[in-house]
Each structure stands twice: as structure tokens, then as C-alpha cells.
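Enquirer: Before anything else, here's the structure in question.
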Amino acid sequence: MTTTIAILGALDTKGPETMLLAEQVRERGGVPLVVDTSTGGVARNGPTADVTVADLLAEVGVDVEDLHAMDRAPAIRVIAEAASRTVARLTATGRVQGLLAAGGSNAALVFARVAAALPFGVPKVAVTTMVVVDARAVVGDADVTLVYPVADVDGLNSLTRTTLAQGAAAVVAMAQVRPPRRVGRAPIAATMFGVTTTCVQAIRAQLEGQGEEVIVFHANGTGGRSLEALADSGALTAVVDVTTTELADLEAGGELSAGEDRLSPGRGVGVPRVVVPGAVDMANFGPPDRVPDRFADRLFHVHNDNVTLMRTTSEENARIGLRIGRYVAERADSRVVLPLRGVSALDRAGGPFEDAEADRALFEAISDVAPAERVWKVDAHINDAEFADAVVAALPDLGAAGSP
């Protein structure tokens, strides 16, 4: 089976590096398809592309001369959009089976835009220095693999030749992996954090016992965005959103927010969802010295050397509850299940984040907005077995587990 790899490269500045990627793809049995993402023109007698800048710009109705007249930032945005449309079309028609790029911030920006337009399972590999600067911006919510090149991707030397070759070898090998054939319906998604693991594992065990496939997403910002993207694509049967802690980071200023449209009623339309305010008692930061000074008077718990948790306040919990309540109010295919004895492993009786007033503010805000018949209140802690049972029981009439 032919394995064609689309190689993004600005031939005006990264010609030799891009051609090395093409050479390495070819040596490993792949077929390179070089896509020129230059914005400043190509030097005479320089390397040539399979997909030229003019070919790309035809996708967006822009002339090459107009591109060259733009400042760098808008020019990069135009070429990124054009490349994303072109490579997405080639992938959808079966002409491309993988994506590869190398470079710094501009290359990473174009790569990220194209990667976001490709479906899950199409390998997307970038050799980029941005992996240690802002990997989240490059990954987005796509299944991206990043290779740190150690040296800047500028010229060919012993370091860059090695890391570029490794990136090429990786994407060719990955493209030869075909996803397993699905038996039955689409999977059910669940969200999890360390402090809700017991609950999610119990739910997963029950659903898998019913013959369902369950995919668990780490609620670390990127995980929530990936979940919402898969729900948007219709690739899920239902969502068991046990861990909505990313809303706490959004409201309290933590580091793991998934953005304003996490749990937005417009996401995943047609995919039923059971929502739990799991782990919304905490906003997440890195090591203690990364916590902003403005939070000096707040209650913290050191989860480990790299994770510091901050207890959310009653006011923040009320705002989180309002977001959850609005979602349930606007989505008839949703339900919220409330663990009245605590929303995380830290928020149980005697735990470091026990705060009855904050929990009450959360539950009341949800109940004030969401329709009463879609609010299930369970007199249990989130990690108690009976709570997991209640969440599973919330699924059948939403078209998930137990439906024909």
C-alpha cells in the first residue's frame, strides 16, 4: 500500500531541510509530497515542490504577488489556511496518509493549522523547537507527535540530520498502522483526573461489561478540547463528563483551562452527555513557585512536585455551577448527577478541600438553572460505588448504554 507523506516546508528559508525530510521519507519506503509554504518567494534554481505556493493560494483566492506584499504575520495565516484546505482535501481523497514538518515558530504555526484539519489516526509529526516553548499551541486538540531537534532547524549538521531523519522515520512507520476495524457502535467518552479515578474506573468497568467501548480523556485542558472535537465530529455515542475541572481553571485562573467553549451547548450536538461537577473544587498550577502572587491567601494542596492544587471559592463554584446548569438547560439530551458528599478525593469529609459552603454554592447554582427532572442528586461521594452506579443509570434513556 502506498504511503504518501505531505511534507510542509518553506522552501524560501528551509529548502535543504525540507528536501532532507523528503529524502528520508523516500528511503523508508514512503512517497514524499513536498508542499511549499513559503511566504517570501523561492530562490532561483532552488528546490522544487510537488504542491507550489500558487497551488495553495488557489484554494483561498489569493495571488502570489499579494501574498508577498503582506507583512509576515498575515502572510503566514493565509498560507496556513491554504495549506490546511489543500492537505485536508488530499487526505480525504486518499492521496495523503501522513503529515510531516520541521522548523521554528512559523513552521509550527502552519503545521498546527494543517494538523487540526486532519482526522484522528492520520499521523502528524513535527520536528520543532516549539516543543519546549508552547507545545499546547502546536498540539491543539489533534493527535500530534513532536520531536525536539535539540539544535535549531537551520542548516544540515550531525544533530539536525539525525532528528529530521527520526521524524521522517516516525511518520512513515506511523502511517503504516491502520486503525482496528470497529465492531458495534461508536465509543463512549469519559473524563478523568487522579482525584476522580475511582469513579471513572468503576463506570468504565460497568459499561465495558455491557459491551461498550470507553475512551478516557485526561481533563488537563488539552484533553477537554480533544474530547469536544471528537464529539463535534460525531465519533462518540455519548459522553460521561465526570471530571469538569477544566471549568474551575477557567473561572479561577488555573493553568489547565480548556477554553470558553468547554461544555458549551453548541459542542457535540447530537451526542448525549451526563455531566458531573467532578474536581471543580480545584484549580491547577505547576510547582508552587509558579502560583501567581495574587493567590497568596488561598488554600493549596501539593499533589506532587509538579502539580499544586488551589481550592476554589464559593463564588467561583457558583460561576462553575451556572455554566453546568446552562448546558443542561439548553441540551435536552443531557443530565447532571451531583455527588452531595464531595466532588473529588480531596473534597470528602475530613479532606483538605472539604468546604460545605462552596459545594452548596455549586449545587444550588446548577439546580437553579437546570430543569429539575434532569438534575440527579446522589447522597454519596463522587468516588463511592453507589455514585458510579447512578451515573451509569443516567445513560440508558439518553441513547447510550442499554439502548438497542
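The values are calculated or read from the model by the stated rules, or taken from the named source; none is laboratory data. Fair warning: this is a prediction, and the values are worked out from it, not measured in the lab. Reconstructed Cβ throughout: ideal geometry from the backbone, glycine too, with neighbour counts over all protein chains shown. Please note that ligands, DNA and RNA were not included when accessible areas were found on the heavy atoms of the full protein model with its side chains. Shrake-Rupley method; radii C 1.70, N 1.55, O 1.52, S 1.80 Å.
Enquirer: The range 302-335 to the range 350-383: how many Å between their Cα centroids?
Expert: 10
Enquirer: In square angstrom, what is the accessible area per residue of the chain with a 1.4 angstrom probe?
Expert: 43
Enquirer: Follow-up question, since we're still on this one. Ordered by residue, what ³J(HN,Hα) values in Hz, to whole numbers, does the range 242-259 give under the Karplus form 6.51 cos²θ - 1.76 cosθ + 1.60, where θ = phi - 60° and Gly and Pro are x?
Expert: 5, 10, 9, 4, 4, 5, 5, 5, 5, 7, 9, x, x, 8, 10, 5, 9, x
Enquirer: Right, something else. Suppose we keep just the DSSP beta bridges with both residues in the chain; what percent of those would be antiparallel, to 5?
Expert: Looking only at bridges with both residues in the chain, the antiparallel portion is about 15 percent.
Enquirer: Next up: Quick query: amide H of MET282 versus all other amide H atoms, modeled in the peptide plane; which residues come in under 5 Å with a sequence gap of 5 or more or a different chain?
Expert: The list, which skips near neighbours in sequence, is THR312.
Enquirer: Further question: Which ³J(HN,Hα) values in Hz, rounded to whole numbers, follow from the phi angles of the range 224-230 under the Karplus curve 6.51 cos²θ - 1.76 cosθ + 1.60, where θ = phi - 60° and Gly and Pro get x?
Expert: Using θ = phi - 60°, the values come out as x, 5, 5, 4, 5, 5, 5 Hz.
Enquirer: Taking the Cβ-Cβ separation of ALA385 and LEU299 as r and a Förster radius of 25 Å, what is the calculated FRET efficiency to the nearest 0.05?
Expert: 0.30
Enquirer: With labels modelled as points extended 7 Å from the Cα through the Cβ direction, what inter-label distance (nm, one decimal) is found for SER314 paired with ARG95?
Expert: About 6.3 nm, to one decimal.
Enquirer: Ratio of the chain's C-alpha Rg to 2.2 N^0.38 Å, to two decimals?
Expert: 1.11
Enquirer: Taking amide H atoms as placed 1.01 Å from N in the peptide plane, list the residues 5 or more away in sequence, or in a different chain, whose amide H sits under 5 Å from that of VAL216.
Expert: Sorted by chain and number, the residues that satisfy this are ALA190.
Enquirer: What are the ³J(HN,Hα) couplings of the range 119-128, residue after residue, when phi is run through the Karplus curve with 6.51, -1.76, 1.60 and θ = phi - 60°? Round to Hz, x for glycine and proline.
Expert: Per residue, the Karplus-derived 3J(HN,Hα) values read x, 4, x, 7, x, 9, 10, 10, 9, 8 Hz.
Enquirer: Quick one, can you get me the convex hull of the C-alpha atoms of the range 6-129 expressed as volume per residue in Å³?
Expert: 97
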